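Working notes, structure below.
Taken together, the values in this text are just the output of simple stated rules run on the coordinates, not laboratory data. The model shown is predicted, which means the values in this text are computed figures rather than measured ones. Glycine also receives a Cβ, built like all others from the backbone with ideal geometry; neighbour counts cover every protein chain displayed.
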Amino acid sequence: MFEQFDFHVIINAMPILWDGMLITLLLAVVAIVGGIVIGTVLALMRLSRFTPFSLVAGSYVNFFRSMPLILVIFWFYFLVPMATGQALGGLSSVLIAFTLFEAAYYCEIIRAGIQSVTRNQINAGLAVGLSYPQTMRYIVLPQAFRNMVPVFLTQAIVLFQDTSLVYVVGLKDFLTAADLVAVRDNRVVELFITAAVVYLAICLAGSLWVKKLQRKYAL
Amino acid sequence: MIAIHNVNKWFDEFQVLKDCSTKVDKGEVVVICGPSGSGKSTLIKCVNGLEPFQEGTITVNGVSVGDKQTNLPELRSHIGMVFQNFELFPHMTVLENIGLGQTKVLGREPSEAEARSMKLLERVGLTDQASKHPAQLSGGQQQRVAIARALAMDPIAMLFDEPTSALDPEMINEVLDVMVELAQEGMTMIVVTHEMGFARKVADRVVFMDEGQIVEDDTTDAFFGTPRSDRAQSFLSKILQH
């Protein structure tokens, strides 16, 4: 199986793979950043004592967590255009679908993180005269995010790998690109091994970077 | 300066404060003691609005704490509070801990705040710890930083909620020394504590609480001389016999 491993196949496939990687990275970065931003707002709403806020955020999370990601992608690709009469296009559909989907998971991670900060820390912030929003911003969230880093990493890795689902709307992410070349050139071994090595390298680099961050900002 | 009038508070069905009334004049040092679960900490947290109460009134410098119209952050910025477990902000350095309220609440310039923080650190004897994080300090040092953090707001009164009960015995005195000095300078203080030596030394009055009620409220001499209630007598005999 390996005796005919041909590196030229990989080198020739580089441009296509690189284009795929750009899609994968774009999607992952947008969904992580957007998911964290929206997730933070959702988490604050969910923890709010104002019932309509917590109800809306709770329903949002329960809804998106019940749906397979691929179905959410279908929604934005097929159903939203039917409702609005305007096609979103593949890339926009998946960017929106991924971000909204991830926000539900990030909401729950962030909510747990916020709740890991003790009531006494909040009291200490309030006691120096900070308002509740200021206490959140300067005292609670910085500690919460530090506690959340390991779970964030896991979530980011899962998301990074889930980006391969975009093939369903005709987009070529990294894995889809590798698959295409593999079938086209009949070089399954080379391409699938390369894909595995690249995924492994990126996730490993991410883990190491997070470990370094944690050490730098250790409490 | 601080007037507590007929305060009642319930946690669901359970009444934690029963008809509590007392007052603290400017410059007065009042020690609140009593068995655990008697409502001391809850009462002191009502004074700066960290705990809501259902009935009665508390006024600080004429401002009603329980009034919905009251700007609580503004009120709290004038009342220093020191907690049992220090509650320094673990993600900030000592200097940042003391500076946060000054810059974000009082609107001081960072340089001005830092100068003030360093002065206060000098006062509590911790100038060389300024750039450390709280986890790198001993309990006694952390509590002294917490006192400096409260003083940085130039409070008109200080609340201490069992400031030494989480400390190792050998660190209690370094914290009490700072508090004694503060009391002698004329700071208005309410101190929840079991440190009867401290109470004897600097308290003007001692309030004894049991089961949510203020059982005794007397001058320090009278309290240690002849506590009137049986409950206070037995409490004192238990904690003073060693």
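Worth pointing out:
- In Hz, Karplus ³J(HN,Hα) per residue of the stretch A:121-135 (6.51, -1.76, 1.60; θ = phi - 60°; x = Gly, Pro): 5, 5, 4, 5, x, 4, 5, 7, x, 5, 6, 4, x, 5, 4
- Point-to-point label distance, A:Thr51-B:Val63, nm (Cα→Cβ direction, 7 Å offset): 3.2 nm
- Based on the reciprocal of the average 1/r between different C-alpha atoms, the Kirkwood radius for the stretch A:2-218 equals 19.5 Å.
- Here the stretch A:90-219 is treated as an ellipsoid with the same Cα gyration tensor; its semi-axes, largest first and in whole Å, are 41, 18, 8.
- Phi to ³J(HN,Hα) by Karplus 6.51 cos²θ - 1.76 cosθ + 1.60 over the stretch A:10-18, Hz, x for Gly, Pro: 5, 4, 5, 7, 3, x, 5, 4, 5
- Computed 3J(HN,Hα) for the stretch A:75-89, one whole-Hz value per residue from the Karplus formula 6.51 cos²θ - 1.76 cosθ + 1.60 where θ = phi - 60°, is 3, 6, 7, 9, 7, 4, x, 5, 6, 9, x, 10, 6, 7, x, glycine and proline marked x.
- For chain A, modelled as a GNM whose springs connect Cα atoms under 10 angstrom apart, the maximal fluctuation among A:Thr84, A:Thr135, A:Thr194 occurs at A:Thr84.
- Under-5 Å amide H pairs with B:Met81, H placed in peptide plane, nonlocal only: B:Leu159
- At q = 0.07 Å⁻¹, base-10 log of I(q)/I(0) for chain B (Debye sum, equal scatterers on each alpha carbon): -0.23
- Helix A:141-162 vs. chain A, principal-axis angle (Cα, 0 to 90°, nearest 10): 20 degrees
- Across the stretch B:177-242, the volume of the C-alpha convex hull divided among the residues equals 89 Å³ per residue.
- Relative contact order for the stretch A:2-218, counting Cα pairs under 8 Å that sit 6 or more residues apart, in percent: 29 percent
- Exceedance of the 30 Å cut-off in Cα-Cα distance is limited, within the set B:Lys18/B:Lys238; A:Lys211/B:Lys119; B:Lys68/B:Lys132; B:Lys104/B:Lys201; A:Lys172/A:Lys212; A:Lys211/B:Lys45, to A:Lys211/B:Lys119; B:Lys68/B:Lys132; B:Lys104/B:Lys201; A:Lys172/A:Lys212; A:Lys211/B:Lys45.
- Helix A:188-216 axis, angle to chain A major axis (alpha carbon atoms, nearest 10°): 20 degrees
- Averaged over the residues of peptide A:139-151, the number of Cβ atoms from other protein chains lying within 10 Å of each residue's Cβ is 1.
- Amide H contacts of B:Glu55 (H built 1.01 Å from N, under 5 Å, at least 5 apart or other chain): B:Asn8
- Orientation-averaged projected area, Cα convex hull of the stretch B:40-183 (nm²): 9.0 nm²
- A cut-off of 5 Å between modelled amide H atoms, ignoring neighbours fewer than 5 places along the same chain, links B:Val215 with B:Phe208, B:Met209, B:Asp210.
- Label separation (B:Ser131 vs A:Ile193): 5.2 nm, computed from points 7 Å beyond Cα along the C-beta direction.
- The protein assembly as shown: radius of gyration and largest Cα-Cα distance (Dmax), Å: 30.0, 99
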